[in-house]
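A short write-up of the structure that comes next.
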Amino acid sequence: MTSNKHEILELPVSILRGGTSKGIYILEKDMPAERKEWDRILLRLMGSPDKKQIDGLGGAQSVTSKVAIIKRSDRTDADVDYTFAQVSVDKPIVSYRGNCGNISSGVGPFAVEAGLIEAKDPVTVVRVYNTNTDKIIVEDVQTPGGIVDYYGDLHIAGVPGKAAPVKMRFLDPSGTLGKGLLPTGNPVDILDVPGFGRIEASIVDAANPLVFVRAKDLGLTGKEIPGEIDSDPRKLELLEKVRGTAAVRLGLTDDPAKAAWETPGVPKMTYVAEKDDYTATDGTEIKAEQIDIISHMMSMQKAHPSYAMTGAMCTAAAAVIDGSIVNGVLDGKTDPKSLRIGHPSGILECGVDHVVENGCIRIIDTFGYRTANLLLKGIAVIRL
């Protein structure tokens with residue numbers, strides 16, 4: 001469709017809240033066959049680059065500037081293929097590196113709603129192949145009477161109210177970069193961070209690659225609220241320098257200063273601290289006995305308001321790696337099937353199944369619960 005010599009695309013979309021994120025869900029058949037065309041469409045769809053995203057559907061922060069592109073799968077081990085796109089808010093960048101576990105939790109419900117898979121009564125199991133990480137996620141979607149039911153009794157920190165649970169299992173999640181659970185081969189690496197110095201870090205790759213450091217080694221406590229981090233340019237710069245240095249170690253860029261442009265979402269910067277009392281962003285008092293660890297993540301160079309689901313999966317995997325930063329902070333005092341992560345919005349519980357083979361850990365799966373909610377079905381008008 002054209003108007004005054006300008007191209008106008010009318011794109012069928014759904015908007016779903018998935019976990020603590022919100023995104024646009026699109027059938028791949030409605031996107032151009034040429035992948036090189038996707039970036040300009042998604043940037044215009046979300047209204048980027050613009051810190052307010054005022055001329056698009058984005059919500060002006062990384063957790064609400066996400067897209068899921070989905071089609072029926074040809075694989076024997078999956079029902080649908082899902083490609084995740086992180087659209088930068090303030091830069092003309094669309095990143096397809098890594099996955100978003102929260103957005104993933106909306107893929108199963110969307111697949112049923114879109115007729116990509118036949119619903120079962122009372123639960124539909126949706127096998128999702130994530131093209132970004134080459135991994136399978138199994139989702140249990142509540143479908144009594146063959147209809148997706150979003151009502152339920154599960155509350156997740158960072159989302160008001162309650163909704164139906166979506167159980168998620170990330171099968172064989174290690175090595176999304178093709179370099180195994182420990183892509184550097186070490187449970188702990190020494191990173192030489194420009195302008196800061198040497199710091200211990202664990203780079204772990206399960207569901208998504210994360211770089212873990214101790215909060216105290218950065219001069220932090222772990223009790224900071226996201227606004228405190230985001231309003232401090234020095235803290236933001238330091239955290240991005242650590243992440244960028246880890247990205248260089250992983251071979252994703254050749255300069256830490258380029259990481260925000262060349263690999264903005266991978267690895268994900270994470271700092272951890274021993275469990276303690278703290279106050280969540282909504283004023284809830286979290287007691288030390290309610291959690292096993294305090295952990296904060298960064299998302300696209302800003303503080304994550306809650307905690308990424310793939311981040312939780314990787315944190316659970318890191319918890320069972322002897323010598324890792326996470327394992328050391330936990331001091332071996334937790335049940336791997338019930339890891340309680342204290343984050344800015346509250347508590348996220350997750351777990352890991354693993355075995356030790358020939359002295360090496362193999363992660364069978366990681367798991368947890370999210371909720372999702374369908375917010376809109378409609379047509380996005382994109383002026384290119």
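The values are calculated or read from the model by the stated rules, or taken from the named source; none is laboratory data. From a predicted model like this one, the values you see are computed outputs, not experimental measurements. Every residue, glycine among them, receives a Cβ derived from its backbone with ideal geometry; neighbour counts consider all protein chains shown.
Quick look at the numbers
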item: Candidate set: the stretch 29-67, residues that are of a type in the set (A, V, I, L, M) and part of a loop (DSSP other than H, G, I, E, B); chosen: the one surrounded by the most Cβ atoms within 10 Å (Cβ to Cβ); result: L57
item: Output for the stretch 221-238, where each listed residue is buried (at least 16 other Cβ atoms within 10 Å of the Cβ) and without any contact (Cβ under 8 Å) to a residue 60 or more places away in the chain; result: K235, L238
item: Pair list, Cβ under 6 Å, 6 or more apart: the stretch 133-148 residue within 14 Å of G106 (Cα to Cα), other residue crowded, with 16+ Cβ neighbours inside 10 Å and among the polar types (S, T, N, Q); result: I137/S104; V141/T124; T143/T124
item: Check on D331, at pLDDT below 95, charged (D, E, K, R) and on the phi > 0 side of the Ramachandran plot; result: yes
item: Members of the stretch 184-215 that are within 24 Å of the chain's Cα centre (by Cα) and surrounded by fewer than 22 Cβ atoms within 10 Å (Cβ to Cβ); result: T184, G185, N186, P187, V188, D189, E200, R214, A215
item: From the options Y278, Y307, residue that is more than 25 Å from F367 (Cβ to Cβ) and touching a strand residue (DSSP E or B) at 6+ places or on another chain (Cβ under 6 Å); result: Y278
item: P109, sole failed condition from (1) crowded, with 19+ Cβ neighbours inside 10 Å; (2) of a type outside the set (D, E, K, R); (3) assigned to a loop (DSSP other than H, G, I, E, B); result: (3)
item: Subset of the stretch 74-94 [surrounded by fewer than 19 Cβ atoms within 10 Å (Cβ to Cβ) and out of contact with any Leu (no Cβ under 8 Å at 6 or more places or on another chain)]; result: D74, R75, T76, D77, A78, D90, K91
item: Filter result for A114 (surrounded by fewer than 19 Cβ atoms within 10 Å (Cβ to Cβ), among the aliphatic types (A, V, I, L, M) and in contact (Cβ under 8 Å) with a residue 24 or more places away in the chain); result: yes
item: Test set (1) touching a helix residue (DSSP H, G or I) at 6+ places or on another chain (Cβ under 6 Å); (2) over 23 Å from V266 (Cβ atoms); (3) of a type outside the set (S, T, Y); (4) not in a loop (DSSP other than H, G, I, E, B) - G23 fails condition number; result: (2)
item: Sole exception among (1) under 28 Å from D276 (Cα atoms); (2) without any contact (Cβ under 8 Å) to a residue 40 or more places away in the chain for I203, by number; result: (2)
item: Check on S65, within 27 Å of V148 (Cβ to Cβ), touching a helix residue (DSSP H, G or I) at 6+ places or on another chain (Cβ under 7 Å) and among the polar types (S, T, N, Q); result: yes
item: Matching residues in the stretch 240-286 - criterion: being assigned to a loop (DSSP other than H, G, I, E, B), touching a residue at least 12 places away in the same chain (Cβ under 8 Å) and over 22 Å from L182 (Cβ atoms); result: P264, K275, D276, A280, T281, D282, T284
item: Y129 vs. criteria surrounded by 19 or more Cβ atoms within 10 Å (Cβ to Cβ), more than 18 Å from I24 (Cβ to Cβ), assigned by TED's automatic domain parsing to the domain that holds L43 and at pLDDT 95 or above; result: yes
item: Residue list for the stretch 258-275, restricted to those being surrounded by fewer than 24 Cβ atoms within 10 Å (Cβ to Cβ) and closer than 15 Å to I225 by Cβ; result: A273
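This table checks each residue for (1) in contact (Cβ under 8 Å) with a residue 40 or more places away in the chain; (2) over 22 Å from V125 (Cα atoms); (3) in contact with a strand residue (DSSP E or B) (Cβ under 7 Å, 6 or more places away or on another chain).
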site: L11; (1), (2), (3): yes, yes, yes
site: D50; (1), (2), (3): yes, yes, no
site: R75; (1), (2), (3): yes, no, yes
site: Y96; (1), (2), (3): no, yes, yes
